[in-house]
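**Q** Quick one: this structure, given as structure tokens, is what I'll be asking you about.
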Amino acid sequence: MTYVVTENCIKCKYTDCVDVCPVDCFVEGPNFLAINPEECIDCTLCVAECPAEAIYADVDLPEDQQDFIGINAELSKIWPMISARKEPPPDADEWVKIKDKRHLLEK
């Protein structure tokens, strides 16, 4: 099992989850975070820390978020690791309320 960052992270990119990750399995892109499935140790710490409620165990993913398993795996191979919390984008609190933003994911 691994954990997966889903659509709700897009354009929010809160990094609270990064601070609690004991193995630095998060990677950072322009407007999204992803989890490297090869590095994730299934500790669950990131789930509770995510203000966007965007992180799920792969076995608990909502049906409409299943493709994020592959998206996280793909992006973790090309994006740099992030190991420390950063300030979220200034409009993150507005974006967290918006649904259906998959088309806004910048790779």
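**Q** Count the lysine pairs in the chain whose Cα atoms sit under 16 Å apart, keeping only pairs 8 or more residues apart in sequence or on different chains.
**A** Close lysine pairs found across the chain: 11.
**Q** Suppose every K and R has +1 on its Cβ and every D and E has -1 on its Cβ; what is the size of the dipole of segment 3-85 about the Cα centre, in Debye to the nearest 20?
**A** For segment 3-85, the charge dipole is close to 360 debye.
**Q** Quantify how much of the Cα-Cα distance distribution of the chain extends past 20 Å, in percent.
**A** The share of Cα pairs beyond 20 Å in the chain comes to 27 percent.
**Q** Please go through segment 1-60 and write out the GluC sites (Glu not before Pro) that DSSP classes as loop and that have at most 12 other C-beta atoms within 10 Å.
**A** 38, 53
Only the coordinates and a few stated rules stand behind these numbers; no lab work does. Only a predicted model underlies this, so the values are computations on that prediction, with no experimental measurement involved. Reconstructed Cβ throughout: ideal geometry from the backbone, glycine too, with neighbour counts over all protein chains shown.
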